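Step one of this worksheet: look at the structure below.
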Amino acid sequence: MTTVDELLAAARARLDRVDPHRAAELIAEGAVLVDTRPAWQRAEEGEFAHALVIERNHLEWRLDPASDARVPAAVDHDVVWIVACSEGYSSSLAAASLQDLGLHRATDLVGGFRAWQAAGLPLRRSEQPGPAAASPTELDR
């Protein structure tokens, strides 16, 4: 039997995890940032300015190039997918699952959305500001 902590450690051991600034560089080079947080969490915390939103329960079907339900960006197994969640835990497990599908360049964002926001990287204006929503000037960074 395995604990969730052991599962997480094993997933992270095979990922080349990226911090927010490295993720931003990779995105500028063509990587795709995928926000897997549910709608309620995006509304509460805020949103990445330039992320493909695919909630966790749909991820593998949307990113597998062989799937009939794939997104247009899922063209082959060489796409660089950077999976993000709120704090960087479930995204590690999700990225490892993508690697199991042969998406060998999949990784995740260390610290998730919260680290991205703390780094002052671009956010999207939200129509439904939550209690942790940033001010309009912060959203334009």
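Miscellaneous remarks
- Relative exposure of TRP116, TRP81, judged by other C-beta atoms within 10 Å (fewest first): TRP81, TRP116
- Shown here: Rg and Dmax of the Cα atoms in Å, derived from the displayed model; of the candidates [x] 14.7, 49; [y] 27.8, 83; [z] 14.5, 40, it corresponds to [x].
- Ranking LEU33, TRP116, LEU7 by how far each Cα lies toward the positive end of the dipole of the chain (charges on Cβ) leaves TRP116 at the top.
- Contact order normalised by residue count of the stretch 11-77, Cα under 8 Å, 6+ apart, percent: 21 percent
- Highest-first arrangement of 42-50, 5-13, where packing means the average Cβ count within 10 Å: 42-50, 5-13
- Gaussian network model of the chain, Cα within-10 Å springs - most flexible of ASP35, ASP64, ASP78: ASP78
- Each Lys and Arg adds +1 at its Cβ and each Asp and Glu adds -1 at its Cβ; summed about the Cα centre, the chain shows a dipole of about 140 debye.
- Rounded to whole numbers, the Karplus 3J(HN,Hα) couplings from phi for the stretch 73-81 are 6, 7, 7, 6, 7, 9, 5, 8, 9 Hz, using 6.51 cos²θ - 1.76 cosθ + 1.60 with θ = phi - 60°, and x at Gly and Pro.
- Distant-in-sequence amide H partners of LEU123 (H built 1.01 Å from N, under 5 Å): ALA49, ARG141
- Theoretical ellipticity at 222 nm over the chain - DSSP helices of four or more residues, -39500 (n - 2.57) apiece, nearest 500: -10000 deg cm²/dmol
- Computed 3J(HN,Hα) for the stretch 114-121, one whole-Hz value per residue from the Karplus formula 6.51 cos²θ - 1.76 cosθ + 1.60 where θ = phi - 60°, is 4, 5, 4, 5, 5, 7, x, 7, glycine and proline marked x.
Rule-based calculations on the coordinates, nothing more; no lab input. Model, not experiment: these values are computed from the prediction. Please note: Cβ atoms are built from the backbone with ideal geometry, for glycine as well, and neighbour counts cover all protein chains shown.
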